């Protein structure tokens, strides 16, 4: 499955994406709002497999994003992780993460607009946890991640309030 925008190509992850993904996930600047620390090679490898597995099992997941020239931009898409966030998520989660070199260029908004348009049609029919509400999406964002909060607002997400995930305060958003 792949999507295209004016500047970007979104496609399912492959093993060939590992080096670029690991470079992003091991970058302190990128990870400061996503768990607070860079991932190890082992953690990044497991994450790539988790993303590929979601596509195989659920028919949706995280896309790798590259610009039209093939340069790695980051990852965006849909997650069903059964996160132990309080309060609990009630819909499929969305997320985005960009390589440091891609920050501030509007790529997250552009890629997520395409992903959400696709998700509005395809994620509703996916085999989901029956407790989740179909037809809407939620996001959790580190309370200190102002750029990501701005992306959520540009995408039409409404702030629900704060929550807690792994001992950290997060801002919770919903669309739909």
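Below are the figures for this structure:
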{"quantity": "Extension gain (nm, one decimal) between residue 6 and residue 90, 0.36 nm per residue minus Cα-Cα", "calculated": "27.0 nm"}
{"quantity": "Simple label model, 7 Å out from Cα along Cβ direction - residue 82 to residue 32, nm", "calculated": "3.4"}
{"quantity": "Sites residue 132 and residue 45 - FRET efficiency at Förster radius 25 Å, r taken between beta-carbons, to 0.05", "calculated": "0.35"}
{"quantity": "Label-point gap, in nm, between residue 145 and residue 121 - each point 7 angstrom along Cα→Cβ", "calculated": "2.8"}
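FYI, it's all coordinate maths here, none of it is from the lab. Just so we're clear, the structure is a prediction, and the values are computed from it rather than from any experiment. FYI the Cβ positions are ideal-geometry reconstructions off the backbone, even for glycines, and counts take in every protein chain you see.
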